[in-house]
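Asker: One structure, pasted below without further comment.
The values are calculated or read from the model by the stated rules, or taken from the named source; none is laboratory data. Just so you know, these numbers come straight off a predicted model, no measurement behind them. Every residue, glycine as well, gets a Cβ built from its backbone with ideal geometry; the counts of neighbours run over all protein chains shown.
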Amino acid sequence: MAGCGSDTSTDAGSVAPAPAAATTPDTTAPASTPDAASSDSTDATSDLKVKQGTCAEVDAPPVKPTEVAKPEGKLDPTKKNLVTFETSCGTIVIQLDAKDHPITANAVAWLAQKGYYDKTVFHRVAPGFVVQGGDPLGTGMGGPSWKLTEPPASDETYPRGTFAMAKAGNDPVGTVNSQFFIMTGGSLDPSYAVAGKVISGMDATAGMEKLAAAPDGPPTRTIELIKATFSAK
């Protein structure tokens, strides 16, 4: 799969970016754009009691189908559009930027509404750089068959907490699929579509980084994205 800052991906997937003068995380598959109204997601709630920033031990969820309808509709940029990830390391809240990044923001909301992210994993951890997920196969090679594009600004800097979309090395700049990454440090070239920023829960990503098996790669044990929900206020 493709990833940020890397050109080692194949057509089968996408890789996340690598930090400047450091490691570049893999970012992945195509994402769909959500309609800010209805939600078709299945119930993936869990009674798992998670202490924020401390990762509970969970079993790997089953592999999911990769297909999902192409995003439709658009988000209202005058509202506070939020996606909340309930993970085995705590809760992460992302504020989507529907004003400056409408296509990407809508895609993430759409995927959350469709239940596409429910019971998936964070398949890549690069401490001080990124954590990455959004692949229903859990390998970094999966995602829907469609892709969207929304190139970032030429001066995009991807500060800590940026929520952006991974892409394969041979994908166009600003490719949007299902795989995403959260910046935990470092920097990137302006190649990755931005959806928004984390406004709560970076302590959960810090917990994920403690499970790193190497400078960049799969975690030592399963990190589950239990459920994703979208709301507009």
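Asker: Tell me whether segment 188-209 contains one or more residues that are over 24 Å from Ala232 (Cβ atoms), among the small types (Gly, Ala, Ser), modelled with pLDDT under 95 and in contact with a strand residue (DSSP E or B) (Cβ under 8 Å, 6 or more places away or on another chain).
Answerer: no
Asker: For segment 71-121, which residues satisfy the criterion of being surrounded by fewer than 19 Cβ atoms within 10 Å (Cβ to Cβ) and of a type in the set (S, T, N, Q)?
Answerer: Selection gives Thr78, Thr84, Thr91, Gln95.
Asker: Kindly indicate whether Thr84 is in a strand (DSSP E or B) and modelled with pLDDT of 65 or more.
Answerer: So Thr84 fits the description; yes.
Asker: What number of residues within segment 117-145 are at negative phi and out of contact with any helix residue (DSSP H, G or I) (no Cβ under 8 Å at 6 or more places or on another chain)?
Answerer: Of the residues in that region, 18 qualify.
Asker: Under 8 Å between Cβ atoms, at least 6 apart or on separate chains: pull out the pairs that start in segment 74-92 with a residue that is free of Cβ contacts under 8 Å to residues at least 60 places away in the same chain and end on any residue that is buried (at least 16 other Cβ atoms within 10 Å of the Cβ).
Answerer: Lys74/Thr33; Lys74/Asp35; Lys74/Ala36; Lys74/Ala98; Lys74/Pro102; Lys74/Asn106; Pro77/Ala98; Pro77/Pro102
Asker: Then there's this: From (1) within 19 Å of Tyr192 (Cβ to Cβ); (2) at pLDDT below 95; (3) touching a strand residue (DSSP E or B) at 6+ places or on another chain (Cβ under 6 Å), pick out the condition that doesn't hold for Ser32.
Answerer: All conditions are met except number (3).
Asker: Out of all the residues in segment 148-170, which are surrounded by fewer than 24 Cβ atoms within 10 Å (Cβ to Cβ) and more than 20 Å from Val93 (Cα to Cα)?
Answerer: Leu148, Thr149, Glu150, Pro151, Pro152, Ala153, Ser154, Asp155, Glu156, Thr157, Gly169, Asn170
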